[in-house]
Amino acid sequence: MLIEERIEVVKNNIEQSAKLSGRTSKDISLIAVSKTIDIETVKEVHKLGINDFGENKPQELRDKIPEIPEASWHMIGRLQSNKIKYVVGKTKLIQSVDNLELMQKINDFAIKTGVVQDILIQVNMSKEIQKAGIDENDIDRILLEACSMKNIKVKGLMTIGSAFMTEYELEKMFEKCNNIFVDKKQKKYDNIDMEYLSMGMSGDYMTAIRCGSNMVRIGSGIFGPRNYNI
């Protein structure tokens, strides 16, 4: 299948899933996960109308941004504090902020460089040891800490589904994360604007959208199969 055909399939699936949750595809942000993909292929996808791209490695992000500076770039992989310089002020969202220390260091670097960086708090809803993310019970504490960090802005939550869950279990997990998102959105925190709920990847984005996601991260669904899961 050609890339343009894959994109069409993904867009149709997003539209159908959005309708089931009382929304349209305009309510869903599509992030093309371009990790390990050569820049010419990424440019092709950009020309086909995809403007948001997600990368797992800061160095790869650093190298690709100048090639398509008009695109919006997202850091979606685990971020080490010594690689913050590659992403702060250069990305639309750092989606993978999974601990208080990292959030503080992002804020400190943003102060130093005179920018305000938008972030998402990554939550480990599946409670898998190998996955990054804060515990759901720590969300309030993290958000309260973020209130005093004026050079970051928390724009929502991000989570990753589990390949070991049944469809029913996955739905319940996504629904729970959406309920948390809605609850935090209704509360009044300084410096926090709960706009994005980023959940759903190539294997589960339709379920995630039906359960409330408004941002999905699609890798193999757009770029084709790889040797590892996206």
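The values are calculated or read from the model by the stated rules, or taken from the named source; none is laboratory data. Predicted model only: the values in this text are computed from it and were never measured. Heads up, the Cβs are rebuilt from the backbone with ideal geometry, glycines too, and the neighbour counts pull from every protein chain shown.
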Working only within region 68-92, note down all residues that are hydroxyl-bearing (Ser, Thr, Tyr), crowded, with 17+ Cβ neighbours inside 10 Å and outside any loop (DSSP other than H, G, I, E, B). Tyr86
With region 94-201 as the region, which strands (runs of 3 or more DSSP E) entirely inside it contain at least 1 residues that are hydrophobic (A, V, I, L, M, F, W, C) and under 26 Å from Arg62 (Cβ atoms)? 117-122, 152-158
Please work out which one of (1) part of a helix (DSSP H, G or I); (2) free of Cβ contacts under 8 Å to residues at least 40 places away in the same chain; (3) out of contact with any Phe, Trp or Tyr (no Cβ under 9 Å at 6 or more places or on another chain) is the condition Ile65 fails and give its number. (3)
Listed residues Gly212, Gly161; which is within 19 Å of Asp135 (Cα to Cα) and touching a Phe, Trp or Tyr at 6+ places or on another chain (Cβ under 9 Å)? Gly161
Residue under evaluation Asp38, criteria (1) within 24 Å of Glu195 (Cα to Cα); (2) surrounded by fewer than 13 Cβ atoms within 10 Å (Cβ to Cβ), criterion not met: (1)
Which residue is modelled with the lowest pLDDT, if the candidates are limited to region 213-230 and must be out of contact with any Lys or Arg (no Cβ under 8 Å at 6 or more places or on another chain) and either surrounded by fewer than 18 Cβ atoms within 10 Å (Cβ to Cβ) or assigned to a helix (DSSP H, G or I) (or both)? Asn229
Name the residues in region 85-105 that are over 17 Å from the mean Cα position of the chain (by Cα) and among the hydrophobic types (A, V, I, L, M, F, W, C), would you? Leu100
Among the residues of region 1-36, write down those that are under 14 Å from Gly212 (Cβ atoms) and among the small types (Gly, Ala, Ser). Ser17, Ala18, Ser21, Gly22, Ser29
